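The values are calculated or read from the model by the stated rules, or taken from the named source; none is laboratory data. Keep in mind it's a predicted model, so treat the numbers as computed, not measured. With ideal geometry, Cβ positions are generated from the backbone for all residues, glycine too; neighbour counts draw on all protein chains shown. In case anyone asks, the SASA skips ligands and DNA or RNA and just uses the protein heavy atoms, side chains included. Shrake-Rupley method; radii C 1.70, N 1.55, O 1.52, S 1.80 Å.
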Amino acid sequence: MLDLRSLRQNPQAAKALLKIKGYDFDTLRFEELETQRKSLQSLTEELRNERNVKSKSIGKAKAAGEDIAPLVAEVGDLGERLDAVESKFHRLQEEYQAFAQSVPNLPDASVPAGSDEADNVEVDRWGALPEFNFEPKDHVDLGAGGMLDFEAATKITGSRFVVMHGAVARLHRALIQFMLDTHTSKHDYEEVYVPYIVNADSLYGTGQLPKFAEDQFRIDSDADFYLAPTAEVPVTNIYRDEILEAGRLPIKHVCHTPCFRSEAGSYGRDTRGMIRQHQFEKVELVQLVEPGRSWDALEELTDHAREILRALELPFRTVVLCGGDLGFSAAKTYDLEVWLPGQNQYREISSCSNFLDFQARRMQARYRSPETGKPELLHTLNGSALAVGRTLVAIMENYQDGDGRVHVPDVLKPYMAGLDVLDLG
RNA sequence: GGAGGGGUGGCUGAGUGGCCGAAAGCACUGGUCUUGAAAACCAGCGAGGGGCGACCCUCCGAGAGUUCGAAUCUCUCCCCCUCCGCCA
């Protein structure tokens, strides 16, 4: 959520920035809501003040042994008037809240203009593209011998799931271990284990609700529970409604979780293979930092994600998302895109974002500022490092040898119990 | 699942209808003292919102109700603890 106070001061500036994101901010509607809020709020507070003052005087009269009947009569229909104004005010507040919550975060000034991913701007490239003396297969063909079984998954559940067997399942697990170990030992993140089922407040805090309810898997139970779409939700919400001491910052967590996405509205896209699944594993980096530090933190966090790709020797590039491709809560996002020989293109494997205080305001994640002694909103960031399923795909496609085998990257060998070549059968 | 006990400021904890946004202690901040520190003493110290301001409003797990007036009484829900049952 944006800061309403600064929004009030300059709605036109916000409108101009939001246009970069392809969002039409209705300043007239906002100003109308604001005007109504102002008058209803002051009227409500005036009446409440009157009631408080008079009630207090009744108390005093009673304590002094005086007759309170005339005072009680004087309060008269005050309660009814207050109720009427209050309910009007509450209705307006709900409307106002819904409006304010639906406004996306402002993009940073460095975010390029553009409408979709075609307008994203490449900022760097790493690694030479592999050259094959054969026609490289994609991961679906490579796994067709039985290691990747999409039909079995369809039977068990439905489309967009996978069953992995043997060495491929092990390589998938090795990737998780390697990523967690790298971030904890080299990049100074604390590992956390969290619930995979979250409540509505948590999804609201990070911005998935109320606007993106259809993307979530909702659990049919008495409680309002959802399958976590990313570790960002449970991990960031550890600090919801907390006031942290400044000495605890920055908070840096790494967390491995499965992620569940309904993928509503992507029916025709990436239907082949493991690229877009309802369930996939991800290792996520989450940081909560002092407001002045978040831009540096975004660069660092993005490089922590790059480090995994460099260690795995997978060619990749970094793009900065244009306004139209930027997410609802993010002020700026870098995507890392790995080279997939089977598709002959770069595909997203990580997304690293700075949310500034947008999420922190929704979830009231604060720290005590040493300068003022007052609680102030933190800045939140997160990034995938990396999406495990897509990393597995990238390794299979980049490390294939043309003879139905996949070589294990050097850094993963310690995790593979001596296995350094996968025979896909 | 059954029985009982609880949820109060950063933390501990008192408060059963008005003088309570809330005692006391801890923590924290400033001061006195000290070569310095500790101790002691003095003072300050919850959060959110509105208003140019004087000030005002809201918040004692959440929501609804009773009342002129609710942290306090009633109802519903959520969460925590103890015991029993069941269980990885």
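With angles folded into 0 to 90 degrees, how steeply does helix A:388-398 sit against the dominant principal axis of chain A? Use alpha carbons for both and round to 10.
Helix A:388-398 and the main axis of chain A meet at about 30 degrees.
How far is it, in nm, from the label point at A:GLU117 to the one at A:ASP303 when both lie 7 Å from their Cα along the line to the Cβ?
Here the modelled spin labels are 2.7 nm apart.
How many percent of the accessible area of chain A is carbon or sulfur, using a 1.4 Å probe?
Within chain A, the accessible surface is 48 percent carbon and sulfur.
Where a Cα-Cα gap under 28 Å defines reach, which lysines qualify for A:LYS62, not counting those fewer than 8 residues away within the same chain?
Those lysines meeting the cut-off are A:LYS54.
Using θ = phi - 60° and the Karplus relation 6.51 cos²θ - 1.76 cosθ + 1.60, list the HN-Hα couplings for region A:364-373 in order, rounded to whole Hz, with x at every Gly or Pro.
6, 9, 10, 9, 8, 5, x, 5, 9, x
I need the peptides A:386-395, A:308-317, A:28-37 ranked by packing, meaning the mean over residues of other C-beta atoms within 10 angstrom, with the highest value on top.
A:386-395, A:308-317, A:28-37
Over 25 Å between Cα atoms: which of A:LYS19/A:LYS252; A:LYS211/A:LYS332; A:LYS137/A:LYS413; A:LYS19/A:LYS88; A:LYS252/A:LYS374; A:LYS282/A:LYS413 fall into that group?
A:LYS19/A:LYS252; A:LYS19/A:LYS88
Along the Cα→Cβ direction, 7 angstrom out, place labels at A:SER369 and A:LYS186. What is the inter-label distance in nm?
Distance between the two pseudo-spin positions: 3.7 nm.
By how many degrees, 0 to 90 and rounded to 10, does the Cα axis of helix A:11-20 deviate from the longest principal axis of chain A?
20 degrees
Label points 7 Å out from Cα along the Cβ direction at A:ASN49 and A:GLN279: separation in nm?
Placing both labels 7 Å along Cα→Cβ, they lie 5.9 nm apart.
Give me the accessible area per residue for chain A, probe 1.4 Å, as a whole number in Å².
48 Å²
Tell me, in nm to one decimal, what length is gained between A:SER102 and A:LEU28 on full extension, where the rule is 0.36 nm per residue of separation less the Cα-Cα distance?
So the extension gain works out to 25.1 nm.
What's the FRET efficiency of A:ASP423 with A:PHE217 using the Cβ-Cβ distance as r and R₀ = 45 Å, to the nearest 0.05?
Taking R0 as 45 Å, the efficiency between A:ASP423 and A:PHE217 is 0.80.
Calculate how steeply helix A:27-63 sits against the longest principal axis of the alpha-carbon atoms of chain A, using the helix alpha-carbon long axis, and give the answer as 0 to 90 degrees to the nearest 10.
The two axes meet at around 50 degrees.
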